Structure formats: C-alpha cells, structure tokens
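Everything below concerns the one structure shown next.
Just so you know, all these numbers are worked out from the coordinates, no wet-lab data involved. Fair warning: this is a prediction, and the values are worked out from it, not measured in the lab. Positions of Cβ are backbone-derived with ideal geometry, glycine not excepted, and every protein chain shown enters the neighbour counts.
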Amino acid sequence: MAQLINKDTNEEITKFVSLNEKQEVIRIVHKTLDGAQHIQRIGEPTKSYELSLYVNEQGKQMLMQTEDTGALLEVVVKSGVYSGRIVDIKDFEKLIAGYYKTTVLLNS
C-alpha cells in the first residue's frame, strides 16, 4: 500500500502516490589540446524523488500547507520508505470526482 504522510503532523495526505528516484551529478568536461576529454565530477550526487500524486481538495490544501511550512514528508511505496521536503509542486490538474493530479519534487 502506498502512502504520503506529513511527518510533522502525522496526517496522511494521499494513498495514491508513485515514486521515481532521480540523481543529479555536477560534471565539468574539459577538452585537452590533443582532443581527449577529461570529466571532472564535483561533490556528491544529489538525490531527489519525483512523486506523481492524486489528491482530493483536502489533500491539495494539506500539500500546499506542507510546502509552505517546509514540513517533512514520508513516502511509503512497495520499494521502500523515503522522506524529504518539497522543492517544487507542479500545477494541479483537475480530474473528475473532485480529485487533482500533480507532480511533486522532494529533496532527500
């Protein structure tokens, strides 16, 4: 069973969530005089989680409040338990029966 939970208030926001793990690496590519390339990696990779969510009106309000307060979210999916804070919320797409679809980006 999937869940998105606000850990600061222990409230469930939605059960309709899927997670895609992302990784960003900072690289600088140098080209030497003989044409070879040298790749330099800077720092550690940054992990983030892209969530696809379906929420009702109450869940939408809870999600926006969570973004506003910077609360910690916990995502429970089949592959494990992940946590992070909201970095970005895409526009809410209105669906039938009072539900909304959105994409949320969490930092790790």
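Give the residues of region 15-45 that are closer than 27 Å to Met1 by Cα and either part of a loop (DSSP other than H, G, I, E, B) or polar (S, T, N, Q) (or both), sorted by residue number. Break it down stepwise before answering.
Here is the first cut: in region 15-45, the ones closer than 27 Å to Met1 by Cα are 15-23.
Residues satisfying the conditions are Lys15, Ser18, Asn20, Gln23.
Within region 29-50, identify whether any single residue is touching a Lys or Arg at 6+ places or on another chain (Cβ under 7 Å), of a type in the set (A, V, I, L, M) and loosely packed, with under 15 Cβ neighbours inside 10 Å, and answer yes or no.
Scanning region 29-50, I find at least one residue that is touching a Lys or Arg at 6+ places or on another chain (Cβ under 7 Å), of a type in the set (A, V, I, L, M) and loosely packed, with under 15 Cβ neighbours inside 10 Å, so the answer is yes.
Considering only residues of region 46-69 that are among the charged types (D, E, K, R) and outside any strand (DSSP E or B), which is nearest to Asn6 (Cα to Cα)?
Step one: list which residues in region 46-69 are among the charged types (D, E, K, R), which gives 47, 50, 57, 60, 67-68.
Still in the running and outside any strand (DSSP E or B): 57, 60, 67-68.
Numbers: Glu57: 16, Lys60: 13, Glu67: 10, Asp68: 12 Å.
Checked region 46-69; the qualifying residue nearest to Asn6 (Cα to Cα) is Glu67.
I need every pair where a residue in region 40-62 that is farther than 30 Å from Ile28 by Cα has its Cβ under 7 Å from the Cβ of a residue that is small (Gly, Ala, Ser), sequence separation at least 6 or different chains.
Every condition considered, the pairs that remain are Ser52/Ser18; Asn56/Gly98; Glu57/Gly98.
Any chance region 77-87 includes a residue that's of a type in the set (Val, Ile, Thr), exposed (fewer than 15 other Cβ atoms within 10 Å of the Cβ) and either assigned to a helix (DSSP H, G or I) or out of contact with any Gly (no Cβ under 8 Å at 6 or more places or on another chain) (or both)?
The initial filter retains those residues of region 77-87 that are of a type in the set (Val, Ile, Thr), namely 77, 81, 86-87.
Imposing the further condition that a residue be exposed (fewer than 15 other Cβ atoms within 10 Å of the Cβ) reduces the set to 81, 87.
The next check asks that each one be either assigned to a helix (DSSP H, G or I) or out of contact with any Gly (no Cβ under 8 Å at 6 or more places or on another chain) (or both); those that pass are 81, 87.
For region 77-87, residues of a type in the set (Val, Ile, Thr), exposed (fewer than 15 other Cβ atoms within 10 Å of the Cβ) and either assigned to a helix (DSSP H, G or I) or out of contact with any Gly (no Cβ under 8 Å at 6 or more places or on another chain) (or both): present.
Pull up region 90-108, narrow it to residues that are out of contact with any strand residue (DSSP E or B) (no Cβ under 6 Å at 6 or more places or on another chain) and assigned to a helix (DSSP H, G or I), then point me to the one that is farthest from Gln58 (Cα to Cα).
Ile96
Need the failing condition index for Leu19 against (1) without any contact (Cβ under 8 Å) to a residue 40 or more places away in the chain; (2) surrounded by 10 or more Cβ atoms within 10 Å (Cβ to Cβ); (3) within 15 Å of the chain's Cα centre (by Cα), just the number.
The one condition Leu19 does not meet is (1).
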